[in-house]
Amino acid sequence: MTDTEPLTRDLQPEGISSSLIRTSDESKTNPSGARRSNDRMAAMEEHPALLPDVLVSELFGQTPPRTVRRNRLARWRSDPLTWLFVGPLLAYLIAFMALPSIAVLISAFRDDAGHFTTQYVQALTQTQYLLGLKNTLTLSFFSALIGAVLGALLAWLALGPGSPGWLRRPLLAFSGVASNFAGIPLALAFLMTLGSTGVVTRLLAGAGFDLSRTGFSLFNVWGLVVVYLYFQIPLMVILIAPALEGLRAEWAEAAENLGASRTVYWRRIGLPIIAPALLACATMLFGNAFATYATPYALTSGTVALLPLQIAAVMTGNVLSEPQMGRAIALLIIVIMLITVALYTYFDRLSSRWRP
Amino acid sequence: MRAGKFLSGAALSLFALYFFVPLGSLFANSLWAGGDVYNFSAYSEVLRERGFTDALMLTGQVAAETIILTLAITFPAAYWVNLRSAHLRPLLSALSVVAFIIPPIVLVSGISAFYTGPEWFVGTPHYLVAAYTVLAIPYTYRALDNGMRSLNLQTLSEAAQSVGASWGTLLRRIILPNVRGAVLGAVLLILTLSLGEFTIANVLLYQSFPVYMTYIASSKATGSAALALSALLLTWGAMYLLLNLESGAARRARRTQEAK
């Protein structure tokens, strides 16, 4: 109502004070306001300046009271401008994200004649797809676990208290790039480092150490873990940095004043506070690894069975299989991603308690 | 304390080794010109390669269209959420998380299952743009939302309108100059995304820049390494610019806060 009825505002001072005055006067001066904002909570929500965000969530909790929710619906319906501004984005996401996902769901359950069938979903239990699932899960889990631990350590060393300040910006810039480093550039970089004629391999051979005798290879799941860490660690740095910065120095000082050692501080205060954020970020890393396609494609050209590669092989016609099979695998990935998002949301909610 | 400093220094050096040795070997290999000869010939050769210009043109076109389309639909939504419809923020945040987490391979599988026509859409670069926009929306929305949230748009808009500014003036003279940093950041992010995206282009058989890079790697590893390194440096420069913009915006925000 602030823009459609400018009349009431012209007489008032600008800024927060104006919204204060308007809230109290609204039901009198504003005819439509009587309908909308006799509910005090809704009025507060419309003027967040009145109430700090923390208080709003304290008062309303995660789910707002029923009355507020009904009011929201009414406002949504009664304000055509909202449709104009937010509508295109929603429509786009429905058209190019929601509907295609539903298409995947439906077509995974339909045979060529259009009848309902579970044959494709059942075919997921074939050895190759089970192996693909196992490999993808192993790769994602370990690259997420190691990436989260090392990434948090790196962020702590480079961004935490006592770290050299000049490291901050270069590290964040590098992390932004490296977390997107994928596909052939990454594959080439590692081939030229740890491949059979790679720089490090030759250096080690010169020192009398044969890397291939240790069983290490870039072209299996464990080799891929080493490569994935190149983007997982930087991603962790980016994701965890805000949480690390949220660890207030006062907490450490207070603990110290009460006689706690560094170890006790970390065990009883630091880690418990940051643990949900660590878990949330690790979940994100897991999802990131699970979705990765370009890097294993460039590095192994399909010799390691991974679900994303298997979908693509079906889609590009590299293997003899029906398109529905690819959609059945896509469905499996969607299910795993949904679980990942649910876990992430849960951990993120836990960690948001400590955000300022 | 000194032992701790030494340990953290050692750990940081190990990280540095892990991150810079592969880049170093990539660089060394891109300079290799057979035998003991090392020069920049791979860089100049790859530029003359057939297909390079086409791939770059295609990627440029897709990037430009994705930037325009993404901003056109995300900017109004982010603006409105910050101005009037704060109650929609949870919905949009949730949607952008979903768009962020959806694997490109699943997205492309869904889009190609759902859209099989019309002809001006399927099989043209527009098809790629449609998919890239979904990938770009989460980054763009986050960047714009963060940029606008620190502004207190409501106060700005009310102040402008109370001195008689029209919608157009408000947008042109108040809103856009203030969110320029956020918009530029979003543009850079979309650009890097389009420059690096491989999955969708490869599956849909488009010869975009990353696909081209992969394709020549099998015949010309040094040329591919040269391209990879150039692209990496470009992205790095863009990212550095982005961080500088952000800290500039933060400084400005702090100044405004202090002024209050």
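Before moving on, here are some points about what is shown:
- Residue selected from the stretch A:288-298 under the condition of a type outside the set (S, T, N, Q), touching a residue at least 60 places away in the same chain (Cβ under 8 Å) and under 21 Å from A:LEU145 (Cβ atoms), by the criterion surrounded by the fewest Cβ atoms within 10 Å (Cβ to Cβ): A:PHE290
- Pairs where the first residue, in the stretch B:142-159, is within 12 Å of chain A (Cβ to nearest Cβ) and the second is assigned to a helix (DSSP H, G or I) and of a type in the set (Phe, Trp, Tyr), C-beta under 8 Å, 6+ apart: B:LEU144/B:PHE75; B:LEU144/B:TYR79; B:LEU153/B:TYR79
Okay, residues lined up against (1) closer than 22 Å to B:SER224 by Cα; (2) open to solvent by 50 Å² or more (accessible area, probe 1.4 Å):
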| site | (1), (2) |
| --- | --- |
| B:ALA33 | yes, no |
| B:ALA42 | yes, no |
| B:LEU47 | yes, yes |
| B:MET57 | yes, yes |
| B:GLY60 | yes, no |
| B:LEU71 | no, no |
| B:TRP80 | no, no |
| B:LEU92 | no, no |
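- The residue that is farthest from A:ALA144 (Cα to Cα), counting only those in the stretch A:326-345 that are open to solvent by 30 Å² or more (accessible area, probe 1.4 Å) and touching a Ser or Thr at 6+ places or on another chain (Cβ under 7 Å), is A:ARG327.
- Residue satisfying all of: in the stretch B:97-143; open to solvent by 10 Å² or more (accessible area, probe 1.4 Å) and polar (S, T, N, Q); farthest from the chain's Cα centre (by Cα) among these: B:THR116
- Residues considered: B:TYR18, B:TYR43, B:TYR38. Of these, the only one that is in contact with a strand residue (DSSP E or B) (Cβ under 9 Å, 6 or more places away or on another chain) and of a type in the set (Ser, Thr, Tyr) is B:TYR38.
- When the stretch A:78-96 is filtered for residues that are open to solvent by 50 Å² or more (accessible area, probe 1.4 Å) and among the aromatic types (Phe, Trp, Tyr), only A:TRP83 remains.
- Output for the stretch A:250-270, where each listed residue is part of a helix (DSSP H, G or I) and of a type in the set (Gly, Ala, Ser): A:ALA252, A:ALA254, A:ALA255, A:GLY270
- Within the stretch A:200-232, restricting attention to residues that are assigned to a helix (DSSP H, G or I), open to solvent by 50 Å² or more (accessible area, probe 1.4 Å) and not basic (Lys, Arg), the residue that is farthest from A:LEU137 (Cα to Cα) is A:GLY206.
- Filter pass, A:MET236 being open to solvent by less than 20 Å² (accessible area, probe 1.4 Å), in a helix (DSSP H, G or I) and either of a type in the set (Gly, Ala, Ser) or closer than 30 Å to A:ARG169 by Cβ (or both): yes
The values are calculated or read from the model by the stated rules, or taken from the named source; none is laboratory data. Please read all numbers here as calculations on a predicted model, not as lab measurements. Because the Cβ atoms are built from the backbone with ideal geometry, glycine has one as well, and the counts that use them run over all protein chains shown. Areas reflect the complete protein model, heavy atoms only, side chains present, ligands, DNA and RNA absent. Shrake-Rupley method; radii C 1.70, N 1.55, O 1.52, S 1.80 Å.
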